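Every number in this text was worked out from the coordinates using simple rules, so none of it is lab data. Quantities reported herein were computed from a predicted structural model and do not represent experimental measurements. Cβ sites come from the backbone with ideal geometry, for glycine too, and all protein chains shown count toward neighbours.
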Amino acid sequence: MKGIKGAIHQDYFQPEVEPFRKYIDEGGVPDFATIKPAVAVPGCPANGNGMLRTIALMALVALGVLPASVLDRKSFLDEYARPLFIFQNTVHEQCPRAAWYAAGVYREYPGQPNAACLYSVGCKGPWSHCPWNKVGWVAGVGGPTRTGGVCIGCTQPGFTDHFEPFYEPMNFTPVGRSAAADVALGVGIGGIVAGAIAAAATALSKKKEGEGEKKEQK
Ligand code: SF4
């Protein structure tokens, strides 16, 4: 666990985390007599609201206010030990730009001042799980795609390497997403996005040409 982003079910677990591994791999509810009930609340950085809500939930169970069944492995955590009540849905499923995605309207270049979908400029929202673009990063304000920046996949296994370059569309199936979902996504938007990316490249090239001409005229 130590310092290895998003990595679980690995051989390099330390002996002292065996009760945790047992809980993660074999299910059931954590035994508070033997386990430090660690779960993953990933992010870059991890969201304070998400951490606080998770710790509060576990504290309420430890104090006996809530039943231990609340922390049942299968209903509480996903396959990467993330609390499902926070990380169940993808960024994409909760995105305020979803209407533009559905309409096939994409940004032509990063930073373009419009509300269009950011998939064409590298958004990793379809592969990433977190709610912050819906509920806001702090007190209802901010969040990845809400503010015009792409989702960079920071809650997913393999971040950062598997999600770079951040401002280019994904061209492979990353860890943490089912092949079936990718097929559905690819069938649905592959053609549209390919067109959008080509249009974006053309627009960017024209923009650069225009800037070059302006400089020459000066
Ligand atoms: S901006 Fe990203 S998360 Fe939002 S609809 Fe487009 S691809 Fe999905």
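Structure summary
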| item | result |
| --- | --- |
| Label-to-label distance, nm, for residues given as TYR167 and ALA46 (7 Å Cα→Cβ offset) | 3.1 |
| Amide H partners (placed H, <5 Å) of LEU77, local residues excluded | LEU84 |
| Stretchable slack from VAL141 to ALA56, in nm (0.36 nm times residue separation minus alpha-carbon distance) | 28.4 nm |
| Stretch gain in nm, segment SER69-ASP31, where the contour uses 0.36 nm per residue and the Cα spacing is subtracted | 12.6 nm |
| Computed label-point distance, nm, for sites ASP78 and ALA98 using a 7 Å Cα→Cβ extension | 1.5 |
